[in-house]
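The values are calculated or read from the model by the stated rules, or taken from the named source; none is laboratory data. Everything numeric here is computed off the predicted structure, so don't read it as measured data. Here the Cβ is made from the backbone with ideal geometry for all residues, glycine too, and neighbour counts use every protein chain on show. Ligands, DNA and RNA are excluded from the accessible area calculation, which covers all protein heavy atoms including side chains. Shrake-Rupley method; radii C 1.70, N 1.55, O 1.52, S 1.80 Å.
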Amino acid sequence: RVASLRYVPWSLWPLTGLAQTVDLYQRAMASAARVLDLLDTKAMDDHEGLPLDRAHVAGHLEFRNVVFGYEGRGTVLDGLSIDIPAGSSAAFIGTTGSGKSTLAKLLLRFYEPASGEIALDGQRLDRIRTSDLRRAIAFVSQDVFLIDGSVADNIAYGSGIGDRARLREAARLAEAEEFIDALP
């Protein structure tokens, strides 16, 4: 009797190993699907559109009857109209999934509205060169990602800023200078 009780755990160990293998396989398949989806993503053509001179951007934003929905999830924004005058601040609050991050992604043209239009200083975003638009707008994602390096490396990442004085000015404008100076 005692011997037969000892055989039970021994017979379950292979099943546990099989479950772990199936779990790893499912994770690998999900990761592969994401990578393949990324590889299939078409790059946005940045050669078209009017150049945008950042020095002359006032910052007047308009969303005019914007309709947008994610594939398979229905409409997130339905006829949204917002007018944010240059030099003013706006805050968007709401529950998860209500469209706050979607507004920023539409503004940066990571997505295009199904209908309606978005304008910066009276100029429709779809007529502006995308790279110029994205250089004129600062965006801090909810998904924070830091590269393995110094604070200066993270500030300079993607901007091409190499000059220490310009990096310090960027930190000051982001109201992070005091925090950074306090770091060891």
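Which residues make up the longest stretch of the chain that has no GluC sites (Glu not before Pro) in a DSSP loop with at most 11 other Cβ atoms within 10 Å? In the chain, the maximal stretch lacking such sites is 72-174. Where both bridge residues fall in the chain, DSSP classifies roughly 95% of the beta bridges as antiparallel. Mean-square fluctuation check for the chain, GNM, Cα pairs under 10 Å: which of ARG54, ARG127, ARG73 is largest? Evaluated over the chain, the most mobile residue of the options is ARG73. Result for the chain in a Gaussian network model with C-alpha springs under 10 Å: among ALA165, ALA28, ALA55, the largest mean-square fluctuation is at ALA28.
Take the Cβ atoms of VAL67 and THR96, set R0 to 22 Å, and the FRET efficiency comes out at 0.60. For the range 56-119, a Kirkwood hydrodynamic radius built from all Cα pairs, placed in the Stokes-Einstein relation at 25 °C and 0.890 mPa s, yields a translational diffusion coefficient of 199 µm²/s.
Could you work out the relative contact order of the chain? I mean the mean sequence separation of Cα pairs under 8 Å and 6+ apart, divided by the number of residues, in percent. Contact order relative to length: 20 percent.
Put a dot 7 Å past the Cα of ILE161, heading toward its Cβ, do the same for SER89, and the two dots end up 2.0 nm apart.
Annotation: peptides 18-26, 95-103, ranked by per-residue average of other Cβ atoms within 10 Å with the highest first, follow the order 95-103, 18-26. TYR111 sits with roughly 90 Å² accessible to a 1.4 Å probe, with DNA, RNA and ligands left out of the calculation. Positive-end ranking of GLY49, TYR70, ALA28 along the dipole of the range 10-79, with charges on Cβ about the Cα centre, is headed by ALA28. This structure gives P(r) over Cα pairs in 10 Å bins from 0, in percent, computed directly, and of [x] 8, 27, 26, 17, 9, 8, 5, 1; [y] 9, 36, 36, 17, 1; [z] 7, 22, 27, 20, 10, 6, 5, 2, 0 that value is listed as [z]. Ordered from largest to smallest accessible area (heavy atoms of protein chains, 1.4 Å probe), the residues PHE110, PHE63 come out as PHE110, PHE63.
A full extension of the chain between ASP126 and VAL151 corresponds to an added length of 5.6 nm, given 0.36 nm per residue minus the alpha carbon distance.
A Förster radius of 41 Å, combined with the Cβ-Cβ distance separating GLU112 from TRP10, puts the computed FRET efficiency at roughly 0.10.
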